[in-house]
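J.: Just passing along the structure, written as C-alpha cells.
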Amino acid sequence: MSRIITALMRCDRTSVRFSLGFVLGLALASLLAAVIMVSGSRRYLVNREVNRMVIEPDDKYLTSEEWSERSVWDREPQDIRDPATDLDTADRHTHRDDDTEAQRLAKEVRVLIWVMTSPKTVQSRAKVVRDTWGRRANKILFFSSKGDPDLPTIGLDVGEGRQHLMEKTNRAFRYIYENYIDDADWFMKVDDDTYVIVENLRYFLSGENSSEPVYFGHHFHMPFQTWTREKFQLHYHSGGAGYVISKEALKRFGEKGKGSKQCGQYIVAEDIGFGQCMSSLGVRVSNSTDALGRSRFHCFPPDYFTQGVYPAWYHQHDANGAKGGIGSMSDYAISFHYIRPMQMKLMDYLIYHLTPYGILRGLQNLNRKHNATQTDGNTDISNKS
C-alpha cells in the first residue's frame, strides 16, 4: 500500500512540473507572439499610412490645408539657407528664348487668376505662388478668410475649413464680378498648392470664345439624384486642378447666381457645388483635352499621371477614363495640384530654365478645332440602369 502511495506522489510531482512547464512555455510563447504582432502591426500601419498618403489620397474632399497636415511629404525642412543662394525666381540671368508668341498671347488672351489661400498657408505657399508662376499672369488675386496686407490678400470674412470652401468660392467670384469684370476675358480659380503654366493656359484659351457660357478644367462626373428621385450625371471640374470660366459665365454668375438656390447651397465639396451652380446658369462643362486626347488640367502631381496610379474614386469619376503614362498628358499641360512650395520652385526651374543643348523646339498645333464633348453639366440617366 505504501508503495502505491509513493508512486502516486511521484506522479503528482511529475504532473505538477509538467503543468507548470506547459503554462510557463505557453505564457512565453504568447508574449513573443504579441511582440511580433505589435511590431508587425506597426509596420503595417506605417506602410498603409504612407501608401494612403503617397498613392491613395482616398478622401477627395480634403482641403489643401488638411492634405498638408496628413502628409509627411508636405512638411518643409527648416529653412537655413542663405537667401542669396535661393532659386532665382526673378529670372534675372539671361536667356536666349524667343518668347514672341507667348508675349503676343499675353496681350490678346487676358486671364485673371485668383488663388484660394488661408491665414495658415499665406506665408508658406501663397508667396511662393506669387514669386514663381504667378508672375506670368496678367492679373493675380489672393483670397483668404482674413485680409493680409503683406502679400496682399483679400479678406472674405468667412470661416476656414472645407465646410466653407463653396462660400469662399462664391464670394471670391462675386468680388471679381463687381470689381474686375472688364479687366479680363477669362477667370481662373486655383488653390495655393496648384502650379499653372500660364503660357499654355493662354494658348488653350486662344482657341475658345469668352462670349460663350463655358468653363474648363479637369473633367469629373458623378451620379446625382434629386428630391423627386430624378437621376442624372453631374459634370464638373476639379477645384484643385483649377477651373477657368468665360466672361459670359462670370456675367451669368454675377447677375443670376446670387438668387439661385443651386449657387447658394454651400455644399462641402466646393467643385461639385460650383459645377451644380454653373449647370443651373446654363454654363457648359467643355472639353479641355488637346487634339490628341491628352489631359491639360491635373488634380494630382505629375508623377501620379506618369505612373498611372490613382485612388479608386478617381477611376469612378474621371470623365476621360483615368489614363496614365507620359503619353496621357499634353505637351502643353496647364496645371498640377498638390505641389509643395519646394516642388513649385523646382518645377519653375525645370520648365523655364533647364534646357537640353542643341534641341530647338518648334510650336505644335494641339488645340481642337471643335470641342469633341461638352455638356450643360447634367446628363439625364433616369431611364438608364
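J.: Give the stretch 332-361 a look and list any residue that's more than 27 Å from residue 125 (Cβ to Cβ) and either open to solvent by 60 Å² or more (accessible area, probe 1.4 Å) or among the hydrophobic types (A, V, I, L, M, F, W, C) (or both), or say none.
T.: Pass one, the stretch 332-361, residues more than 27 Å from residue 125 (Cβ to Cβ): 355-361.
Hits for the stretch 332-361 are 355, 357, 358, 359, 360, 361.
Rundown of residues vs (1) surrounded by fewer than 18 Cβ atoms within 10 Å (Cβ to Cβ); (2) touching a residue at least 60 places away in the same chain (Cβ under 8 Å); (3) in contact with a strand residue (DSSP E or B) (Cβ under 8 Å, 6 or more places away or on another chain); (4) closer than 24 Å to residue 128 by Cα, yes/no style:
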site: 146; (1), (2), (3), (4): yes, no, yes, yes
site: 163; (1), (2), (3), (4): yes, yes, no, no
site: 168; (1), (2), (3), (4): no, yes, yes, yes
site: 178; (1), (2), (3), (4): yes, yes, no, no
site: 192; (1), (2), (3), (4): no, yes, yes, yes
site: 209; (1), (2), (3), (4): yes, no, yes, no
site: 239; (1), (2), (3), (4): no, yes, yes, yes
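J.: With the condition kept exactly as written, say whether any residue in the stretch 92-102 is part of a loop (DSSP other than H, G, I, E, B), β-branched (Val, Ile, Thr) and surrounded by 12 or more Cβ atoms within 10 Å (Cβ to Cβ).
T.: no
J.: Counting only residues that are assigned to a loop (DSSP other than H, G, I, E, B) and more than 22 Å from the chain's Cα centre (by Cα), how many does the stretch 138-155 have?
T.: Within the stretch 138-155, residues that are assigned to a loop (DSSP other than H, G, I, E, B) and more than 22 Å from the chain's Cα centre (by Cα) number 7.
J.: Return the residue satisfying two criteria in turn: it lies in the stretch 281-310 and is part of a loop (DSSP other than H, G, I, E, B) and within 13 Å of the chain's Cα centre (by Cα), and of such residues it is nearest to residue 347 (Cα to Cα).
T.: Only one residue fits best here, namely 301.
J.: Which condition from (1) among the polar types (S, T, N, Q); (2) in a helix (DSSP H, G or I); (3) touching a residue at least 60 places away in the same chain (Cβ under 8 Å); (4) over 20 Å from residue 162 (Cα atoms) is the one that residue 276 breaks?
T.: (4)
J.: Something else now. Filter the stretch 109-129 for residues that are more than 15 Å from residue 188 (Cα to Cα) and among the charged types (D, E, K, R); which is surrounded by the fewest Cβ atoms within 10 Å (Cβ to Cβ)?
T.: It comes out as 120.
J.: Go through (1) open to solvent by 30 Å² or more (accessible area, probe 1.4 Å); (2) modelled with pLDDT of 90 or more; (3) assigned to a helix (DSSP H, G or I); (4) not aliphatic (A, V, I, L, M) and name the single condition residue 69 misses.
T.: That leaves (2) as the condition not met.
J.: Answer yes if at least one residue in the stretch 256-271 is within 20 Å of residue 337 (Cβ to Cβ) and either at pLDDT 90 or above or open to solvent by 20 Å² or more (accessible area, probe 1.4 Å) (or both), and no otherwise.
T.: Looking through the stretch 256-271, at least one residue is within 20 Å of residue 337 (Cβ to Cβ) and either at pLDDT 90 or above or open to solvent by 20 Å² or more (accessible area, probe 1.4 Å) (or both).
J.: Among the residues that make up the stretch 123-139, is at least one of them touching a Gly at 6+ places or on another chain (Cβ under 7 Å) and at pLDDT 95 or above?
T.: Within the stretch 123-139 (the criterion being touching a Gly at 6+ places or on another chain (Cβ under 7 Å) and at pLDDT 95 or above), the answer is no, since none of the residues qualifies.
The values are calculated or read from the model by the stated rules, or taken from the named source; none is laboratory data. In this text the structure is predicted, and so the values were computed from the model without any measurement. In this analysis, Cβ positions are derived from the backbone assuming ideal geometry, glycine residues included, and neighbour counts consider all displayed protein chains. For accessibility, only protein heavy atoms count, side chains too; no ligands or nucleic acids. Shrake-Rupley method; radii C 1.70, N 1.55, O 1.52, S 1.80 Å.
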